[in-house]
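The values are calculated or read from the model by the stated rules, or taken from the named source; none is laboratory data. Values in this document were obtained by computation on a predicted structure and should not be read as measured data. Virtual Cβ from ideal backbone geometry, glycine too; neighbours counted across all protein chains shown.
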Amino acid sequence: MRILIDATSVLLRSAGIKTYTYYWIQHLWQQAGNEQILTFPRLGRLNALDHERSILSPFETYRRLGLLYMINTTAGAPVLNWMTRKADVFHVSNQIRKPPKKLKITATIHDMTSLLMPALHTPGNVRADASFTENVLKRADRLIAVSENTRADAVKHAGLDADRIDVIYSGVPEVYFGAQPRPSSRPYVLYVGTIEPRKNLDTLLDAWQGLRLRDDFDLLIAGATGWSSEKTMARLLSRPPSVHYLGYVPEDELPGLTAGATAFVYPSLYEGFGFPVAQAMAAGVPVITSNTSCLPEIAGDAALLVDPRSQDEIKSAIQKLLTSPALQQQLRKAALARAEQYRWETCARKSLDFFRRVR
(Lines give C-alpha, C1' and ligand atoms only; values in the text may rest on other atoms or scores of the structure.)
Protein backbone atom coordinates (compact mmCIF):
# COMPACT_ATOMS: atom_id res chain seq x y z
CA MET A 1 0.00 0.00 0.00
CA ARG A 2 1.22 3.48 -0.88
CA ILE A 3 0.29 6.09 1.74
CA LEU A 4 0.82 9.72 0.76
CA ILE A 5 1.15 12.16 3.68
CA ASP A 6 0.66 15.89 3.21
CA ALA A 7 3.80 17.26 4.89
CA THR A 8 3.38 20.92 3.97
CA SER A 9 3.42 22.04 7.62
CA VAL A 10 7.11 21.14 8.03
CA LEU A 11 7.89 23.84 5.44
CA LEU A 12 6.05 26.55 7.39
CA ARG A 13 6.41 28.48 10.64
CA SER A 14 4.22 26.38 12.88
CA ALA A 15 4.06 24.81 16.34
CA GLY A 16 1.88 21.84 17.29
CA ILE A 17 0.84 20.63 13.83
CA LYS A 18 4.43 20.86 12.63
CA THR A 19 5.59 18.81 15.63
CA TYR A 20 2.93 16.20 14.89
CA THR A 21 3.71 15.95 11.18
CA TYR A 22 7.49 15.79 11.67
CA TYR A 23 7.59 13.02 14.28
CA TRP A 24 4.63 11.15 12.82
CA ILE A 25 6.25 10.81 9.39
CA GLN A 26 9.58 9.91 10.99
CA HIS A 27 8.04 7.03 12.95
CA LEU A 28 5.78 5.90 10.10
CA TRP A 29 8.93 5.53 8.00
CA GLN A 30 10.55 3.50 10.77
CA GLN A 31 7.62 1.15 11.29
CA ALA A 32 6.30 0.71 7.75
CA GLY A 33 6.51 -2.90 6.62
CA ASN A 34 5.07 -3.57 3.19
CA GLU A 35 3.60 -0.07 3.14
CA GLN A 36 5.28 2.81 1.34
CA ILE A 37 5.11 6.13 3.19
CA LEU A 38 5.42 8.99 0.72
CA THR A 39 5.30 12.72 1.38
CA PHE A 40 3.64 15.58 -0.44
CA PRO A 41 5.50 17.67 -1.41
CA ARG A 42 8.31 15.15 -1.73
CA LEU A 43 10.87 15.51 1.05
CA GLY A 44 13.20 12.53 0.87
CA ARG A 45 14.59 13.36 4.30
CA LEU A 46 13.73 15.18 7.52
CA ASN A 47 16.30 17.72 8.61
CA ALA A 48 16.34 19.06 12.18
CA LEU A 49 12.99 20.36 13.42
CA ASP A 50 12.78 24.14 13.84
CA HIS A 51 9.37 25.70 14.44
CA GLU A 52 10.53 29.10 13.21
CA ARG A 53 11.58 28.02 9.71
CA SER A 54 11.31 25.28 7.11
CA ILE A 55 13.25 22.06 7.55
CA LEU A 56 14.50 22.54 3.96
CA SER A 57 16.62 25.26 2.37
CA PRO A 58 14.86 28.46 1.21
CA PHE A 59 15.19 27.44 -2.45
CA GLU A 60 13.74 23.97 -1.85
CA THR A 61 10.99 25.41 0.31
CA TYR A 62 9.87 28.15 -2.11
CA ARG A 63 9.85 25.72 -5.01
CA ARG A 64 7.50 23.36 -3.16
CA LEU A 65 5.26 26.11 -1.81
CA GLY A 66 5.01 27.60 -5.29
CA LEU A 67 3.81 24.24 -6.57
CA LEU A 68 1.27 24.08 -3.75
CA TYR A 69 -0.02 27.55 -4.61
CA MET A 70 -0.49 26.52 -8.23
CA ILE A 71 -2.25 23.30 -7.19
CA ASN A 72 -4.71 25.21 -5.02
CA THR A 73 -5.92 27.18 -8.01
CA THR A 74 -8.55 25.72 -10.32
CA ALA A 75 -5.95 25.25 -13.04
CA GLY A 76 -3.75 23.21 -10.73
CA ALA A 77 -6.29 20.47 -9.94
CA PRO A 78 -5.17 18.18 -12.82
CA VAL A 79 -1.59 18.50 -11.59
CA LEU A 80 -2.60 17.27 -8.13
CA ASN A 81 -4.56 14.39 -9.66
CA TRP A 82 -1.49 13.37 -11.68
CA MET A 83 0.91 13.68 -8.74
CA THR A 84 -1.25 11.50 -6.49
CA ARG A 85 -2.27 8.94 -9.12
CA LYS A 86 -0.20 6.06 -7.71
CA ALA A 87 -1.22 6.53 -4.08
CA ASP A 88 -3.79 4.30 -2.38
CA VAL A 89 -4.51 6.78 0.42
CA PHE A 90 -3.85 10.54 0.61
CA HIS A 91 -3.67 11.95 4.16
CA VAL A 92 -4.53 15.62 3.66
CA SER A 93 -3.85 18.76 5.71
CA ASN A 94 -5.66 22.09 5.58
CA GLN A 95 -3.07 23.29 3.06
CA ILE A 96 -4.88 21.34 0.33
CA ARG A 97 -8.02 23.20 -0.68
CA LYS A 98 -9.58 20.57 -2.97
CA PRO A 99 -8.27 17.01 -2.60
CA PRO A 100 -8.47 14.52 -5.50
CA LYS A 101 -11.86 12.83 -5.92
CA LYS A 102 -10.68 9.46 -7.25
CA LEU A 103 -8.62 8.57 -4.21
CA LYS A 104 -9.23 7.49 -0.64
CA ILE A 105 -8.84 10.55 1.58
CA THR A 106 -7.95 10.69 5.28
CA ALA A 107 -6.97 13.53 7.60
CA THR A 108 -6.08 14.33 11.20
CA ILE A 109 -8.38 16.51 13.31
CA HIS A 110 -6.05 18.43 15.61
CA ASP A 111 -8.66 20.62 17.30
CA MET A 112 -11.89 22.50 16.74
CA THR A 113 -10.72 25.73 18.32
CA SER A 114 -11.25 28.01 15.31
CA LEU A 115 -14.89 26.91 15.28
CA LEU A 116 -15.38 27.10 19.04
CA MET A 117 -13.27 30.20 19.73
CA PRO A 118 -12.94 32.14 16.45
CA ALA A 119 -11.96 35.33 18.28
CA LEU A 120 -8.73 33.61 19.34
CA HIS A 121 -7.64 33.05 15.72
CA THR A 122 -6.82 35.18 12.72
CA PRO A 123 -9.64 35.53 10.17
CA GLY A 124 -7.44 33.70 7.66
CA ASN A 125 -7.09 30.69 9.95
CA VAL A 126 -10.82 30.61 10.60
CA ARG A 127 -11.57 30.62 6.86
CA ALA A 128 -8.95 27.96 6.15
CA ASP A 129 -10.28 25.65 8.87
CA ALA A 130 -13.87 26.15 7.68
CA SER A 131 -12.80 25.20 4.15
CA PHE A 132 -10.89 22.19 5.49
CA THR A 133 -13.97 21.00 7.37
CA GLU A 134 -16.24 21.29 4.33
CA ASN A 135 -13.88 20.07 1.61
CA VAL A 136 -11.87 17.44 3.47
CA LEU A 137 -13.24 16.37 6.85
CA LYS A 138 -16.83 15.92 5.66
CA ARG A 139 -15.86 13.85 2.62
CA ALA A 140 -12.90 11.88 4.00
CA ASP A 141 -13.13 8.09 4.11
CA ARG A 142 -11.82 8.03 7.67
CA LEU A 143 -10.33 10.49 10.15
CA ILE A 144 -7.87 10.51 13.04
CA ALA A 145 -8.62 12.63 16.13
CA VAL A 146 -5.74 13.31 18.52
CA SER A 147 -7.94 13.00 21.64
CA GLU A 148 -11.39 11.82 22.66
CA ASN A 149 -12.31 15.44 23.41
CA THR A 150 -11.33 16.53 19.91
CA ARG A 151 -13.39 13.70 18.45
CA ALA A 152 -16.41 14.71 20.53
CA ASP A 153 -16.06 18.37 19.51
CA ALA A 154 -15.78 17.41 15.84
CA VAL A 155 -18.98 15.37 16.07
CA LYS A 156 -20.91 17.96 18.07
CA HIS A 157 -19.80 21.18 16.41
CA ALA A 158 -18.82 20.15 12.86
CA GLY A 159 -21.48 17.49 12.37
CA LEU A 160 -18.97 14.74 11.55
CA ASP A 161 -19.86 11.06 11.78
CA ALA A 162 -18.41 9.59 14.97
CA ASP A 163 -18.07 6.14 13.37
CA ARG A 164 -15.58 7.54 10.83
CA ILE A 165 -13.21 8.93 13.48
CA ASP A 166 -10.48 6.93 15.23
CA VAL A 167 -8.77 8.41 18.31
CA ILE A 168 -4.98 8.00 18.14
CA TYR A 169 -2.99 9.96 20.68
CA SER A 170 0.03 11.89 19.47
CA GLY A 171 3.47 11.14 20.89
CA VAL A 172 6.35 12.66 22.80
CA PRO A 173 9.93 12.58 21.44
CA GLU A 174 12.00 9.87 23.12
CA VAL A 175 14.50 12.41 24.43
CA TYR A 176 11.96 13.70 26.99
CA PHE A 177 11.76 10.31 28.70
CA GLY A 178 14.59 10.32 31.21
CA ALA A 179 15.69 13.85 30.25
CA GLN A 180 18.38 15.31 32.49
CA PRO A 181 17.75 18.76 34.04
CA ARG A 182 19.85 21.61 32.73
CA PRO A 183 21.86 23.46 35.42
CA SER A 184 20.11 26.45 37.00
CA SER A 185 21.11 28.91 39.71
CA ARG A 186 17.54 29.21 41.00
CA PRO A 187 14.52 26.88 41.03
CA TYR A 188 11.93 27.78 38.43
CA VAL A 189 8.40 27.25 37.20
CA LEU A 190 8.15 26.80 33.43
CA TYR A 191 5.68 27.71 30.68
CA VAL A 192 6.32 26.57 27.09
CA GLY A 193 4.07 27.65 24.23
CA THR A 194 3.41 30.21 21.56
CA ILE A 195 2.72 33.75 22.81
CA GLU A 196 -0.85 34.22 21.59
CA PRO A 197 -4.29 34.84 23.15
CA ARG A 198 -5.41 31.20 23.24
CA LYS A 199 -2.49 30.23 25.46
CA ASN A 200 -3.75 32.63 28.15
CA LEU A 201 -0.32 33.74 29.30
CA ASP A 202 -1.52 37.06 30.72
CA THR A 203 -3.65 35.30 33.33
CA LEU A 204 -0.60 33.30 34.39
CA LEU A 205 1.42 36.53 34.69
CA ASP A 206 -1.36 38.07 36.79
CA ALA A 207 -1.36 35.03 39.06
CA TRP A 208 2.43 35.13 39.40
CA GLN A 209 2.36 38.77 40.47
CA GLY A 210 0.33 37.83 43.54
CA LEU A 211 2.43 34.79 44.48
CA ARG A 212 4.16 34.91 47.84
CA LEU A 213 7.01 32.67 46.62
CA ARG A 214 8.29 34.98 43.89
CA ASP A 215 11.46 35.66 45.89
CA ASP A 216 12.30 31.95 45.91
CA PHE A 217 11.33 30.88 42.37
CA ASP A 218 11.59 32.26 38.85
CA LEU A 219 8.92 31.96 36.18
CA LEU A 220 10.50 31.08 32.83
CA ILE A 221 8.51 31.73 29.67
CA ALA A 222 9.67 29.89 26.54
CA GLY A 223 7.96 30.37 23.20
CA ALA A 224 7.91 32.20 19.91
CA THR A 225 5.61 35.14 19.27
CA GLY A 226 2.28 34.40 17.64
CA TRP A 227 -0.53 36.56 16.37
CA SER A 228 -1.97 39.40 18.50
CA SER A 229 0.90 39.07 20.97
CA GLU A 230 1.95 42.73 21.15
CA LYS A 231 0.51 43.54 24.60
CA THR A 232 1.75 40.31 26.16
CA MET A 233 5.19 40.75 24.61
CA ALA A 234 5.42 44.32 25.89
CA ARG A 235 4.64 43.01 29.33
CA LEU A 236 7.28 40.28 29.11
CA LEU A 237 9.93 42.61 27.76
CA SER A 238 9.32 45.02 30.67
CA ARG A 239 10.90 42.31 32.86
CA PRO A 240 8.37 41.81 35.66
CA PRO A 241 9.94 40.67 38.95
CA SER A 242 11.24 37.05 38.78
CA VAL A 243 9.81 36.56 35.25
CA HIS A 244 12.27 35.72 32.47
CA TYR A 245 11.28 35.52 28.81
CA LEU A 246 13.56 33.10 26.94
CA GLY A 247 12.08 33.53 23.47
CA TYR A 248 12.00 30.57 21.12
CA VAL A 249 13.99 27.70 22.62
CA PRO A 250 15.47 25.23 20.07
CA GLU A 251 14.06 21.71 20.15
CA ASP A 252 17.26 20.11 21.40
CA GLU A 253 17.35 22.41 24.44
CA LEU A 254 13.72 21.94 25.52
CA PRO A 255 13.98 18.52 27.23
CA GLY A 256 16.68 19.69 29.66
CA LEU A 257 14.87 22.97 30.30
CA THR A 258 11.63 21.09 30.96
CA ALA A 259 13.20 18.42 33.18
CA GLY A 260 14.80 21.10 35.38
CA ALA A 261 11.52 22.78 36.30
CA THR A 262 10.02 22.39 39.75
CA ALA A 263 6.60 22.73 38.12
CA PHE A 264 5.16 23.18 34.63
CA VAL A 265 2.20 25.54 34.23
CA TYR A 266 0.04 25.56 31.10
CA PRO A 267 -3.24 27.51 31.46
CA SER A 268 -4.33 27.28 27.80
CA LEU A 269 -7.98 28.05 27.04
CA TYR A 270 -8.31 25.19 24.54
CA GLU A 271 -6.11 22.38 23.20
CA GLY A 272 -6.62 19.47 20.86
CA PHE A 273 -3.85 17.38 22.43
CA GLY A 274 -1.47 19.61 24.40
CA PHE A 275 2.09 18.68 23.45
CA PRO A 276 3.76 20.80 26.18
CA VAL A 277 1.79 19.03 28.92
CA ALA A 278 2.59 15.55 27.56
CA GLN A 279 6.25 16.46 27.20
CA ALA A 280 6.46 17.79 30.75
CA MET A 281 4.90 14.58 32.08
CA ALA A 282 7.37 12.46 30.10
CA ALA A 283 10.18 14.44 31.75
CA GLY A 284 8.69 13.70 35.18
CA VAL A 285 7.68 17.29 35.95
CA PRO A 286 4.61 18.11 38.12
CA VAL A 287 2.00 19.87 35.96
CA ILE A 288 -0.64 22.52 36.55
CA THR A 289 -2.99 22.88 33.61
CA SER A 290 -6.51 23.82 32.58
CA ASN A 291 -9.67 21.89 33.41
CA THR A 292 -10.97 22.51 29.89
CA SER A 293 -10.90 20.83 26.45
CA CYS A 294 -8.61 17.78 26.18
CA LEU A 295 -6.26 18.71 29.00
CA PRO A 296 -7.94 16.72 31.81
CA GLU A 297 -8.02 13.72 29.45
CA ILE A 298 -4.33 13.99 28.54
CA ALA A 299 -3.09 14.80 32.05
CA GLY A 300 -5.31 12.39 33.97
CA ASP A 301 -4.27 12.18 37.62
CA ALA A 302 -0.81 13.58 36.83
CA ALA A 303 -1.73 17.27 37.14
CA LEU A 304 -3.50 19.87 39.23
CA LEU A 305 -6.43 21.16 37.17
CA VAL A 306 -7.54 24.80 37.37
CA ASP A 307 -10.02 27.15 35.76
CA PRO A 308 -7.71 28.88 33.23
CA ARG A 309 -9.66 32.13 33.49
CA SER A 310 -9.17 32.35 37.27
CA GLN A 311 -5.87 33.86 38.34
CA ASP A 312 -6.74 32.98 41.94
CA GLU A 313 -7.06 29.27 41.11
CA ILE A 314 -3.78 29.33 39.16
CA LYS A 315 -2.01 31.18 41.97
CA SER A 316 -3.35 28.81 44.64
CA ALA A 317 -2.33 25.74 42.64
CA ILE A 318 1.21 27.06 42.14
CA GLN A 319 1.47 27.94 45.84
CA LYS A 320 0.17 24.53 46.86
CA LEU A 321 2.54 22.63 44.59
CA LEU A 322 5.68 24.61 45.36
CA THR A 323 5.20 24.24 49.12
CA SER A 324 4.48 20.48 49.11
CA PRO A 325 7.40 18.15 48.27
CA ALA A 326 5.06 15.20 48.86
CA LEU A 327 2.59 16.46 46.25
CA GLN A 328 5.44 17.11 43.84
CA GLN A 329 6.65 13.52 44.23
CA GLN A 330 3.12 12.17 43.83
CA LEU A 331 2.61 14.07 40.57
CA ARG A 332 6.06 13.12 39.24
CA LYS A 333 5.29 9.45 39.70
CA ALA A 334 1.85 9.80 38.12
CA ALA A 335 3.28 11.87 35.24
CA LEU A 336 5.87 9.27 34.27
CA ALA A 337 3.24 6.52 34.29
CA ARG A 338 0.72 8.60 32.34
CA ALA A 339 3.23 9.64 29.67
CA GLU A 340 3.92 6.03 28.69
CA GLN A 341 0.81 6.03 26.52
CA TYR A 342 2.18 8.99 24.51
CA ARG A 343 4.90 7.23 22.55
CA TRP A 344 5.41 8.02 18.88
CA GLU A 345 6.03 4.32 18.22
CA THR A 346 2.55 3.55 19.53
CA CYS A 347 1.02 6.37 17.51
CA ALA A 348 2.72 5.18 14.30
CA ARG A 349 1.70 1.54 14.84
CA LYS A 350 -1.94 2.47 15.42
CA SER A 351 -1.83 4.83 12.44
CA LEU A 352 -0.58 2.08 10.12
CA ASP A 353 -3.44 -0.12 11.32
CA PHE A 354 -5.78 2.80 10.61
CA PHE A 355 -4.52 3.10 7.03
CA ARG A 356 -4.86 -0.67 6.48
CA ARG A 357 -8.50 -0.45 7.49
CA VAL A 358 -9.03 2.45 5.12
CA ARG A 359 -7.46 0.49 2.27
Kindly state which strands (runs of 3 or more DSSP E) lie completely within region 86-187 and contain at least 1 residues that are free of Cβ contacts under 8 Å to residues at least 40 places away in the same chain and of a type in the set (A, V, I, L, M).
104-109, 142-145, 165-167
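Say we look at region 207-256 and pick out the residues that are acidic (Asp, Glu) and surrounded by 14 or more Cβ atoms within 10 Å (Cβ to Cβ); which of these is farthest from ALA283 (Cα to Cα)?
Going residue by residue through region 207-256, those that are acidic (Asp, Glu) are 215-216, 218, 230, 251-253.
Pick out the ones that are also surrounded by 14 or more Cβ atoms within 10 Å (Cβ to Cβ) and you get 218, 251.
Details: ASP218: 19, GLU251: 14 Å.
Here the residue is ASP218.
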Please state which of the following conditions GLU340 fails to meet, knowing it meets all the rest: (1) under 18 Å from PHE275 (Cβ atoms); (2) buried (at least 17 other Cβ atoms within 10 Å of the Cβ).
(2)
Going by the conditions given, is THR21 farther than 30 Å from GLY247 by Cα and buried (at least 19 other Cβ atoms within 10 Å of the Cβ)?
no
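One line per residue, one yes/no per condition, for (1) within 22 Å of HIS110 (Cβ to Cβ); (2) under 15 Å from the mean Cα position of the chain (by Cα):
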{"site": "VAL175", "(1), (2)": "no, no"}
{"site": "ARG182", "(1), (2)": "no, no"}
{"site": "VAL189", "(1), (2)": "no, no"}
{"site": "ILE195", "(1), (2)": "yes, yes"}
{"site": "LEU201", "(1), (2)": "yes, no"}
{"site": "LEU205", "(1), (2)": "no, no"}
{"site": "LEU254", "(1), (2)": "yes, yes"}
{"site": "GLY260", "(1), (2)": "no, no"}
{"site": "SER268", "(1), (2)": "yes, yes"}
Complete set of residues in region 84-107 that are farther than 19 Å from ALA130 by Cα and of a type in the set (S, T, N, Q)
THR84
Looking at region 177-188, is at least one residue closer than 29 Å to GLU253 by Cα and of a type in the set (Phe, Trp, Tyr)?
yes
Name the one entry in THR225, THR232 that is in contact with an Asp or Glu (Cβ under 6 Å, 6 or more places away or on another chain), free of Cβ contacts under 8 Å to residues at least 40 places away in the same chain, closer than 22 Å to GLU52 by Cβ and of a type outside the set (D, E, K, R).
THR232
Any idea which residue in region 29-84 is surrounded by the most Cβ atoms within 10 Å (Cβ to Cβ), counting only those that are under 20 Å from ILE105 (Cβ atoms) and aromatic (Phe, Trp, Tyr)?
PHE40
Screening ALA348, ALA283, ALA303, ALA261 for residues that are surrounded by 16 or more Cβ atoms within 10 Å (Cβ to Cβ) and in the same structural domain as ILE37 (by TED's automatic domain parsing) leaves only ALA348
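I'd like the full set of residues that are of a type in the set (Val, Ile, Thr) and either within 24 Å of ALA158 (Cβ to Cβ) or at pLDDT 90 or above (or both), limited to region 69-125. Before the answer, list the steps.
Going through region 69-125, the residues of a type in the set (Val, Ile, Thr) turn out to be 71, 73-74, 79, 84, 89, 92, 96, 105-106, 108-109, 113, 122.
Matches in region 69-125: THR84, VAL89, VAL92, ILE96, ILE105, THR106, THR108, ILE109, THR113, THR122.
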Is it the case that GLY171 is of a type in the set (Gly, Ala, Ser), modelled with pLDDT of 95 or more and within 19 Å of GLU251 (Cα to Cα)?
yes
All positions within region 319-332 that are part of a helix (DSSP H, G or I) and either over 24 Å from the mean Cα position of the chain (by Cα) or assigned by TED's automatic domain parsing to the domain that holds GLN30 (or both):
GLN319, LYS320, LEU321, LEU322, PRO325, ALA326, LEU327, GLN328, GLN329, GLN330
Is it true that LEU38 is in contact with a Leu (Cβ under 8 Å, 6 or more places away or on another chain), outside any helix (DSSP H, G or I) and modelled with pLDDT under 95?
no
Which numbered condition trips up THR289, out of (1) without any contact (Cβ under 8 Å) to a residue 40 or more places away in the chain; (2) within 25 Å of LEU49 (Cβ to Cβ); (3) outside any strand (DSSP E or B); (4) of a type in the set (S, T, N, Q)?
(3)
